[in-house]
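The values are calculated or read from the model by the stated rules, or taken from the named source; none is laboratory data. Computed from a predicted model, the values in this text were never measured in an experiment. No Cβ is skipped: glycine too gets one built from the backbone with ideal geometry, and neighbour counts run over all protein chains shown. Side chains included, ligands, DNA and RNA excluded: accessible areas come from the protein's heavy atoms. Shrake-Rupley method; radii C 1.70, N 1.55, O 1.52, S 1.80 Å.
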Amino acid sequence: MKLQQLRYIWEVARHELNVSATAQSLFTSQPGISKQIRLLEDELGVEIFSRSGKHLTRVTPAGEEILKIAGDVLRKIDSIKQLSQEYSDPARGSLSIATTHTQARYALPPVIESFIDRYPGVALHMHQGTPLQISEMAADGSVDFAIATEALELFTDLLMMPCYRWNRCILVPRDHPLTESRKLTIEEVAEHPIVTYVFGFTGRSRLDEAFNDKGLVPRVVFTATDADVIKTYVRLGLGIGIVAHMAYDPEEDKDLVALDASHLFKASVTSIGFRRGTYLRGYMYDFMERFAPHLTRDVVDAACAIHGREELEQYFAGVKLPEY
């Protein structure tokens, strides 16, 4: 059994059993990968993948278990590499982050700017996706950190730590009648067509809860994952926009008015996380602290020692999170 063979089966599974795509990603040949998989299966005495002719069709039950162990082995190998690099060249390496558009566009730029200034030898890679995609990328080791707000129940394989609390605003053109309201009510908001985030993105569930609690059905006429797209359609008169308050820029959005909606919707919390057992290099600790100053190295290490989700929530319950 060779590490290369474990890498091949792991990558084939990640590429949805497409051996050709796997070969391209690994800069090797398709026949070479197929041969090594066959050799591994012959050695183990079980099939990892079912086949129809020359095509892989599914992962076998035995293959599912083998892939889980292979993933653990490959992550351990990666941790050894990270450890050796930390001692040989602590300011050089790479850091990959999976997050949503709102975090990448509004919350992360100043953090990344200061991080790059401090660690010019660290290559940063940003991946955007849905909460499900983000959790999968972090869980399978494709990225180092996941940053998300919604669907944290998907992140069961990850250690997720709260970073900051945020709320929403209502975006309207300057001549919109809602600008005359002294204090918005959820009933007033429900009278207008709404442009907001796709369900499952950027605190959308909090929005739906607020309407449901009042027995109201919001008229959501357009949804997007990108706050800039939402603002574009508010400008076109499609409806009022409900976005994270951080997405409103007083300079860039002078033609729009941001009405406070923090009293209408429960605040949301953005978290950062990584797979348990990940070897954290010094610059990784530094990145987390730059993003969330309360996540010092001691706090992160203490959180790593906690294994139950309830215990972890209790640990952070007394922490006053910054407001964004």
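Do we find a residue being over 23 Å from Glu209 (Cβ atoms), in a loop (DSSP other than H, G, I, E, B), at pLDDT 90 or above and out of contact with any strand residue (DSSP E or B) (no Cβ under 8 Å at 6 or more places or on another chain) anywhere in the stretch 266-281? No; the residues of the stretch 266-281 include none that is over 23 Å from Glu209 (Cβ atoms), in a loop (DSSP other than H, G, I, E, B), at pLDDT 90 or above and out of contact with any strand residue (DSSP E or B) (no Cβ under 8 Å at 6 or more places or on another chain). For Thr57, are the conditions met, namely being open to solvent by less than 10 Å² (accessible area, probe 1.4 Å) and either without any contact (Cβ under 8 Å) to a residue 60 or more places away in the chain or hydrophobic (A, V, I, L, M, F, W, C) (or both)? So Thr57 does not fit the description; no. As for the stretch 177-186, it holds at least one residue that is out of contact with any strand residue (DSSP E or B) (no Cβ under 7 Å at 6 or more places or on another chain), touching a residue at least 24 places away in the same chain (Cβ under 8 Å), under 30 Å from Ala258 (Cβ atoms) and open to solvent by 40 Å² or more (accessible area, probe 1.4 Å). Given the condition more than 27 Å from Gln128 (Cα to Cα), open to solvent by 60 Å² or more (accessible area, probe 1.4 Å) and part of a helix (DSSP H, G or I), answer yes or no: does some residue in the stretch 97-110 qualify? No, every residue in the stretch 97-110 fails to be more than 27 Å from Gln128 (Cα to Cα), open to solvent by 60 Å² or more (accessible area, probe 1.4 Å) and part of a helix (DSSP H, G or I). Cβ-Cβ distances below 8 Å connect the following pairs, each with a first residue in the stretch 116-138 that is in contact (Cβ under 8 Å) with a residue 24 or more places away in the chain, a second residue that is open to solvent by 70 Å² or more (accessible area, probe 1.4 Å) and among the aliphatic types (A, V, I, L, M), and a separation of six or more residues or different chains: Val122/Ile116; Leu124/Ile116; Pro131/Leu154; Leu132/Leu154. Is there a residue being at pLDDT below 95, within 28 Å of Pro109 (Cα to Cα), open to solvent by 40 Å² or more (accessible area, probe 1.4 Å) and not in a helix (DSSP H, G or I) anywhere in the stretch 214-224? Scanning the stretch 214-224, I find at least one residue that is at pLDDT below 95, within 28 Å of Pro109 (Cα to Cα), open to solvent by 40 Å² or more (accessible area, probe 1.4 Å) and not in a helix (DSSP H, G or I), so the answer is yes.
Pick from the stretch 132-169 the residues that are among the charged types (D, E, K, R) and modelled with pLDDT under 85: which of them is surrounded by the fewest Cβ atoms within 10 Å (Cβ to Cβ)? Going through the qualifying residues, I end up with Glu153. Once the stretch 259-274 is narrowed to residues that are open to solvent by less than 50 Å² (accessible area, probe 1.4 Å) and not hydrophobic (A, V, I, L, M, F, W, C), the residue that is farthest from the chain's Cα centre (by Cα) is Ser268. Of all residues in the stretch 232-258, those satisfying the criterion of being open to solvent by 20 Å² or more (accessible area, probe 1.4 Å), touching a Ser or Thr at 6+ places or on another chain (Cβ under 9 Å) and under 30 Å from Ala317 (Cα atoms) are His245, Met246.
Among the conditions (1) without any contact (Cβ under 8 Å) to a residue 12 or more places away in the chain; (2) in a strand (DSSP E or B), Thr232 misses just one, which is (2).
If you go through the stretch 282-323 and pick out every residue that is part of a loop (DSSP other than H, G, I, E, B), over 26 Å from Thr102 (Cα atoms) and open to solvent by less than 60 Å² (accessible area, probe 1.4 Å), you end up with 2. The set of residues in the stretch 116-142 being acidic (Asp, Glu) and more than 11 Å from the chain's Cα centre (by Cα) consists of Asp117, Asp140. Within the stretch 15-54, the set of residues being open to solvent by less than 70 Å² (accessible area, probe 1.4 Å) and acidic (Asp, Glu) comprises Glu41 only.
If you go through the stretch 34-62 and pick out every residue that is part of a helix (DSSP H, G or I) and more than 18 Å from Val73 (Cβ to Cβ), you end up with 5.
When Arg118, Arg105 are screened for being under 22 Å from Glu323 (Cβ atoms) and modelled with pLDDT of 90 or more, only Arg105 passes. The lone criterion from (1) at pLDDT 90 or above; (2) touching a strand residue (DSSP E or B) at 6+ places or on another chain (Cβ under 8 Å) left unmet by Glu65 is number (2). Remark: pairs (first residue in the stretch 236-256, in contact (Cβ under 8 Å) with a residue 24 or more places away in the chain; second residue assigned to a loop (DSSP other than H, G, I, E, B) and among the aromatic types (Phe, Trp, Tyr); Cβ separation under 7 Å; 6+ apart in sequence or on different chains) = Met246/Tyr324.
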